[in-house]
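Chemist: This is the structure I have questions about; it appears just below.
Since every read-out is calculated from the coordinates, none of them should be taken as a lab result. All values reported here derive from a predicted model rather than from experimental measurement. Here the Cβ is made from the backbone with ideal geometry for all residues, glycine too, and neighbour counts use every protein chain on show.
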C-alpha cells in the first residue's frame, strides 16, 4: 500500500491508509451527519517529552492533517464516546502503530 497524499516529514513512518466515517456538524441546527473520509496514517518517532506522535493526513495540502502525541491519545481519546472529525483516524493510526511495534498499547 502506498500513501494517497504527499507528506513532507522524512522521520514519519507510513502506517497505511484508511477510509473512516467522520462526524460533521451543522452549526445552524446542531445536527450531526457522517461522511466517509480518506486518511493516510503515520507515526513520528520520539521528538519531545510526550513521545511519539500519530498523524492522519487528509490531503496533500500542508495544513490538512491532524496529529496527537500517542500518550495523550492513549490517556484520553481511547476512552471517549463522541469524536471530533479526525479522532477516528488518529485512533486507527495509534492501533496501526501498535501493531507495527512502534508504540506499546498500555
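Chemist: What's the extension gain from residue 18 to residue 72 if we count 0.36 nm per residue and subtract their Cα-Cα distance?
Modeler: Details: separation 54, 0.36 × 54 = 19.44 nm, distance 2.16 nm.
Between residue 18 and residue 72, full extension yields an extra 17.3 nm.
Chemist: Nearest 0.05, what FRET efficiency do residue 95 and residue 10 give at R0 = 41 Å with Cβ-Cβ as r?
Modeler: Numbers: r = 24 Å, r/R0 = 0.58.
Approximately 0.95, to the nearest 0.05.
Chemist: Continuing with this model, one more query. What does the highest-first list of 87-97, 47-57 look like by mean Cβ count within 10 Å?
Modeler: Result, highest mean first: 87-97, 47-57.
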